[in-house]
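The values are calculated or read from the model by the stated rules, or taken from the named source; none is laboratory data. Keep in mind that this is a model prediction, so the values were computed, not measured. Every residue, glycine as well, gets a Cβ built from its backbone with ideal geometry; the counts of neighbours run over all protein chains shown. These area figures cover heavy atoms from the full protein model, side chains too; ligands, DNA and RNA do not enter into them. Shrake-Rupley method; radii C 1.70, N 1.55, O 1.52, S 1.80 Å.
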Amino acid sequence: MVGAAADRAWRRSTVWQVLAEQATARGDKEALVGVDTDGDVTRVTYGEWARHAAALSAGLAGIGVRRGDRVAILMTNRVEWLYTYLAALRIGATVVPISTWLKDDEVGYILGKAKVRHLVLMDRFRKIDFRAMLGRLCPALPSSAPGDLRSERFPALRNVVVWSKSDSQPTPGAFSWTDLVAEHAEENVRPAEAERAAVRPEDLALIKFTSGSTGFPKGALLEQWGLVVDARLHARRLQLGPADRWFSAMPFFHAGGSVWGLMSMLVSGGTLVFTEAFDGRTSVEVMDRERCTAHFAVPPMLRDEVDALRSEGRTLSTLRFCCGGNVGLAEEVRKWLDPEFVIGPYGLTEGYGPLTVNSPDDPPDKAGTAGRFFDGVEYRVVVPDSGVDVAPGEIGECLVRGLVMRGYHDEPGRTAEAIDPDGWLHTQDLISVDEQGYVTYVGRIKAMLKVGGENVAVEEVENCIRRFPGVAECCVIGIPDRRKQEIGRAYVVASRPGLDTDALRSWCLEHLARFKVPRDFVVVPSLPMTGSTKVDRAAVIAADPDASALEHRQA
């Protein structure tokens, strides 16, 4: 099924063209409001954003960044992240966002897998020293000349650019981000303009790594036109305009930050308001002070915001709409954040973010749904494996076509599994769609957890646990969590007596991002097995009263 057609002209736009048009139409209008962890506020107009990005694109071109190159960004939510993002897209480079929550091995995996040629990172944030991390991953950097890095582990990597909050010492082997912005001499402007003129809507914009249902993250290939089209469809459904001010609690390395919030505001000519790092109390203070009209966040963030407002005994009064989080949280969101209507979008990174969302024009009895599919997006709901379409209102796997990633980076087999020869993306998500086209999200087919809005592949966590001395087998499942909605619980079979679960937890914290580490480690004598000698995850879930109480399927 498919709704009304999307405007075909939208498919002919690049991301930079959208910013350039906004800079021309409303150059003096506030585009970005960023609040760092010191409380300092940076305000940027559309004209300033375009000028900064254009200058940086010349600096990037001057060190050899060209159309099609992979440019990784490892930085917190700052305007510099957004300048770098648009500068790279302006000259046709592909951005690889890297989570600031990841540990050395996880960052190294992405740098190697994506064949990153240029890395832009901040020097440090709070207790995290990103330069030291890079030094551990790439010990050849200090002895290299800037632009001539030769790393055995990362053979594609040539340039490292460091942004420093303070006037810190130069990083040996790296370029200064500030110098690149300043150095846009004519010899750098010419190659930048040549690259800009060659950029096409079909060029890759992002390699967005997402933890699907496998043990390693997969890089979804997202093209520039798709980011623009999804944003325009999203904005049209929500009736966004220049007067809207969208507070995004999401990190920019997350699709919720760099796709949903950012792009929705960019195409609308509105204002994106954000904080460098999330804090519930700070979020509600900023939303209140900046008179924000729109807000998207994942459940643990919403929970912290609700708790902050409750402790102060006050509500917000400016929100036109807000994400509801989940069934148990939506009523509290309505009470304390006080939006005119609550949204519960459904989507996935492989579909450029949101594919459905509610509208202010929806009937009241549809308020608990995920809204309707965007115009121009084809969808089917089928019986998993058989592909037979189900009747309206029945549960089946969601298939979508029309707004779909190019594939997974360097993963032809997994791409073929995800996108069939007819172009249908098999989402592995269970939904139902009623007679009027309103979607209800049910859960995931494959084993994957959603911890505080972050996808966690249980196989990745299990592989880490299995590497700990004394572990024979394990099974990670999800259990409910008040703040994060769900969190992992690991059932572990020891290969010898006296397995130290505290040491096992420390091992996981050393090798995995904190949100991936299970809350509980339960030592058991054995695990149920299937006929094919694999751990019977469904049986483990069924035997755990906490896990079986979750609203979605884990197996």
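Within segment 531-543, residues that are closer than 18 Å to residue 489 by Cα and open to solvent by less than 80 Å² (accessible area, probe 1.4 Å) reach partners that are assigned to a helix (DSSP H, G or I) and at pLDDT 70 or above with beta carbons closer than 9 Å, at six or more positions or on different chains, in the pairs 535/462; 537/458; 540/547; 541/547. Checked against (1) in contact with a His (Cβ under 6 Å, 6 or more places away or on another chain); (2) of a type outside the set (Ser, Thr, Tyr); (3) touching a residue at least 60 places away in the same chain (Cβ under 8 Å), residue 477 passes all but condition (1).
Matching residues to (1) in contact with a Leu (Cβ under 7 Å, 6 or more places away or on another chain); (2) of a type in the set (Asp, Glu); (3) farther than 25 Å from residue 107 by Cα:
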| position | (1), (2), (3) |
| --- | --- |
| 419 | yes, no, yes |
| 457 | no, no, no |
| 461 | yes, no, no |
| 468 | yes, no, no |
| 482 | no, no, yes |
| 499 | no, no, yes |
| 512 | no, no, no |
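Among the residues of segment 278-289, those identified as touching a residue at least 24 places away in the same chain (Cβ under 8 Å), out of contact with any Pro (no Cβ under 9 Å at 6 or more places or on another chain) and open to solvent by 10 Å² or more (accessible area, probe 1.4 Å) are 279, 281, 282, 288.
Scoring residue 318 on the criteria (1) open to solvent by 10 Å² or more (accessible area, probe 1.4 Å); (2) assigned to a helix (DSSP H, G or I); (3) among the polar types (S, T, N, Q) leaves a single failure, condition (2). For the residues 82, 56, 102, 74, the requirement of being at pLDDT below 95 and surrounded by 20 or more Cβ atoms within 10 Å (Cβ to Cβ) singles out 102. Within segment 381-392, restricting attention to residues that are closer than 20 Å to residue 346 by Cβ and β-branched (Val, Ile, Thr), the residue that is surrounded by the fewest Cβ atoms within 10 Å (Cβ to Cβ) is 383.
Counting the residues of segment 12-53 that are open to solvent by 20 Å² or more (accessible area, probe 1.4 Å) and in contact (Cβ under 8 Å) with a residue 60 or more places away in the chain gives 9.
When segment 482-503 is examined, which residues are found to be outside any loop (DSSP other than H, G, I, E, B) and in contact (Cβ under 8 Å) with a residue 40 or more places away in the chain? Steps first, answer last, please.
From segment 482-503, those outside any loop (DSSP other than H, G, I, E, B) are 485-494, 501-503; that's our starting set.
Result: 485, 486, 489, 491.
In this structure, does residue 540 turn out to be farther than 25 Å from residue 133 by Cα, part of a strand (DSSP E or B), of a type outside the set (Phe, Trp, Tyr) and modelled with pLDDT of 85 or more? It is false that residue 540 is farther than 25 Å from residue 133 by Cα, part of a strand (DSSP E or B), of a type outside the set (Phe, Trp, Tyr) and modelled with pLDDT of 85 or more. The set of residues from segment 507-521 being closer than 18 Å to residue 480 by Cβ and either open to solvent by less than 50 Å² (accessible area, probe 1.4 Å) or within 21 Å of the chain's Cα centre (by Cα) (or both) comprises 515, 516, 517, 518, 520, 521.
Just wondering, is there one or more residues in segment 228-240 that are under 16 Å from residue 319 (Cβ atoms) and either buried (at least 24 other Cβ atoms within 10 Å of the Cβ) or without any contact (Cβ under 8 Å) to a residue 60 or more places away in the chain (or both)?
Looking for residues that are under 16 Å from residue 319 (Cβ atoms) and either buried (at least 24 other Cβ atoms within 10 Å of the Cβ) or without any contact (Cβ under 8 Å) to a residue 60 or more places away in the chain (or both), one finds at least one in segment 228-240, hence yes.
The criterion of at least 2 residues that are open to solvent by 50 Å² or more (accessible area, probe 1.4 Å) and of a type outside the set (Val, Ile, Thr) is met, among strands (runs of 3 or more DSSP E) falling completely within segment 414-481, by 425-433, 471-481. Evaluating residue 307 against the criteria (1) within 20 Å of residue 365 (Cβ to Cβ); (2) open to solvent by 20 Å² or more (accessible area, probe 1.4 Å); (3) out of contact with any Pro (no Cβ under 6 Å at 6 or more places or on another chain) leaves one unmet condition, (1).
Against the test of being buried (at least 16 other Cβ atoms within 10 Å of the Cβ) and more than 18 Å from residue 220 (Cβ to Cβ), the options 378, 350 yield a single qualifying residue, 378.
Here residue 395 meets each of (1) touching a Ser or Thr at 6+ places or on another chain (Cβ under 6 Å); (2) open to solvent by less than 30 Å² (accessible area, probe 1.4 Å); (3) farther than 26 Å from residue 209 by Cβ with one exception, condition (2). On the stretch given as segment 105-122, residues that are over 19 Å from the mean Cα position of the chain (by Cα) and surrounded by fewer than 20 Cβ atoms within 10 Å (Cβ to Cβ) total 3. The set of residues in segment 244-261 being in contact with a Pro (Cβ under 8 Å, 6 or more places away or on another chain), under 16 Å from residue 120 (Cβ atoms) and open to solvent by 10 Å² or more (accessible area, probe 1.4 Å) consists of 253 alone.
When each of 78, 70, 117 is tested for being touching a residue at least 24 places away in the same chain (Cβ under 8 Å) and either touching a Phe, Trp or Tyr at 6+ places or on another chain (Cβ under 6 Å) or farther than 19 Å from residue 174 by Cα (or both), the lone residue that passes is 78.
Taking the listed residues 271, 275, 356, the one that is crowded, with 18+ Cβ neighbours inside 10 Å, under 20 Å from residue 438 (Cα atoms) and at pLDDT 95 or above is 356, with no other qualifying. Among residues of segment 127-139 being open to solvent by 30 Å² or more (accessible area, probe 1.4 Å) and assigned to a loop (DSSP other than H, G, I, E, B), the one that is farthest from residue 72 (Cα to Cα) is 127. For segment 400-413, residues that are buried (at least 20 other Cβ atoms within 10 Å of the Cβ) and in a strand (DSSP E or B) total 2.
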